[in-house]
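This report concerns only the one structure given below.
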Amino acid sequence: MATGGQHTGLKQLLANLPDNRPILVWLVDIELFRGLYCHVVEGFLASARAMPQCIVAMTTRYPDRVATSLRSLADDHINLVASGNKNERIRLCRWFLRGELDDSSVIEHVAMRTQGKSAAETFAVLAETLGVVRWEDIGGLADIIDELKESIVWPILCRDQFRKLGIRPPRGVLLYGPPGTGKTMLAKAAATEVLATFIPIAIPDLIKGEVGESEKALAAVFETAKRSPSIVFLDEIEAIFGSRDQAGEVGKKLISQLFLEMDNIPDDAHLVILAATNAPHLMDESILRPGRLDKKIHVPRPGYASRHDILGRTTRHLDIDNRKELIATLAELEMSGAEIKALVRAACYSAIQRGSKVLTESDFDSAIEATHFQDEF
């Protein structure tokens, strides 16, 4: 097609765009636009940018080949390649947040955790770190929530009363129980309740190739956590902080470093360690001493009443036909909290497939058939 024809076609495309809903114009491989074609695209992009409901995105694998005039039309230039530059990752996080959170300690923590990760992986870590969970989102664990409030929330929110009464709250809490029972959600909700930063520690973030780098990575996490009210969460803690007798060389050094960090947390620090494990018998006894993970809370698989509560909370925003009877029936299934959520999600997909916004018994039947629960139904 001639350049003039292309210009007319692009103008017609703009004219046909709806003005009552957001629009994303996405140009791929923009380095291919050169010469007269480049001027046509420039005019199109300038017109599109003038439309308030329109957002323009451009991608390229060869940024050095993109025409300067096209580059100048972009407000943000985002490098989606894995970056070894921490400042570049900090900039990426700030762009992602777009002013919704201005917590430098959180952003720096994410930047530290995402060394060598792609932009997509960095955004995933950021979303995980900022994930908001509240007590009311958690069903069937009222007694455990009360214990966490006493162990974590009260000491932070009522610090002066604890000090006057001479009560020393637990420095850390160990949640133990079967998989899928809500241990991670409990930790996130506790952080939300006290307006603390939730800092999950993943094993890959700590295992470094260079001598001493693993210990430095762990020390950096605690240094970040001390800057603002924080809950450091160690999931599956036994995998790396288990028995020193069974640990390798790196594991032993990390265990020693963890003890050092926990023992040196200042009394006035708004910092609590929360850990979770499915195998408490594999834990090193030293980590359970007073001043470390000295509070232990069992998180069991839910019984009927708890499953009923979880189902009610998980589906509270959904339109369900014959809700009361259906939830009572589903609660008979021997499921963990995570399995209940998976079942509800599968039922939602079934309703979408039917083109309906209302979930019915048949949707849950389809979800049950797609899982191992049908043997217990």
Review point. Against the longest alpha carbon principal axis of the chain, how many degrees, from 0 to 90 and to the nearest 10, is the axis of helix 337-354 turned?
Key: 30 degrees
Study note, to complete from the structure: Placing +1 on each Lys and Arg Cβ and -1 on each Asp and Glu Cβ in region 135-298, then taking the dipole about the Cα centre, the residue among Ala225, Tyr176, Ala202 whose Cα reaches farthest towards the positive end is Ala225
Check your understanding: Under unit Cβ charges (Lys, Arg +1; Asp, Glu -1), what dipole magnitude, rounded to 20 debye, does the chain have relative to its Cα centre?
Key -> 1060 debye
Check your understanding: So what is the relative contact order for region 198-311, in percent, with contacts set as C-alpha pairs under 8 Å and at least six apart?
Key -> 28 percent
Review point. Which angle between 0 and 90 degrees, to the nearest 10, do you get for helix 119-130 versus the longest principal axis of the chain when only C-alpha atoms count?
Key: 40 degrees
Study note, to complete from the structure: Computed for region 153-299: size of charge dipole around the Cα centre, +1 on C-beta of each Lys and Arg, -1 on C-beta of each Asp and Glu, debye to nearest 20, value 520 debye
Check your understanding: Which values of log₁₀ I(q)/I(0), to two decimal places, follow from the Debye formula for region 135-298 at q = 0.10, 0.11, 0.12 Å⁻¹ with a uniform point scatterer at every Cα?
Key -> -0.35, -0.42, -0.50
Practice item. Using the Cα centre as the reference, give the magnitude of the dipole from point charges on the C-beta atoms of region 239-370 (Lys, Arg: +1; Asp, Glu: -1; all else neutral), rounded to the nearest 20 debye. Key: 160 debye
Check your understanding: Whole number please: convex hull volume per residue of the Cα set in region 24-91, in Å³?
Key -> 98 Å³
**Study point:** Shape parameters for region 277-316, alpha-carbon atoms, Rg then Dmax in Å
**Key:** 15.5, 43
Study note, to complete from the structure: Projected onto the charge dipole of the chain (unit charges on the beta-carbon of Lys, Arg, Asp and Glu, signs +1, +1, -1, -1), the Cα from Tyr304, Ala239, Met112 with the largest positive-side position is that of Met112
Check your understanding: So what's the projected area for region 304-375, the Cα convex hull averaged over all directions, in nm²?
Key -> 4.2 nm²
Review point. HN-Hα J couplings of region 317-327 from phi, Karplus 6.51/-1.76/1.60, θ = phi - 60°, integer Hz, Gly and Pro as x?
Key: 9, 9, 8, 10, 5, 6, 3, 4, 5, 5, 5
Practice item. Towards the positive end of the charge dipole of the chain, with charges on Cβ (+1 Lys, Arg; -1 Asp, Glu), say which of Ile55, His317, Leu45 has the farthest Cα. Key: Leu45
Practice item. Show that you can apply the helix-only estimate: for the chain, add -39,500 (n - 2.57) for every DSSP H stretch of four or more residues, divide by all residues, and state [θ] at 222 nm to the nearest 500. Key: -13500 deg cm²/dmol
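Only the coordinates and a few stated rules stand behind these numbers; no lab work does. What you are looking at is a predicted structure, and each value in this text was computed from that prediction instead of being measured. Cβ coordinates were reconstructed from backbone atoms using ideal geometry, including for glycine residues, and neighbour counts include every protein chain displayed.
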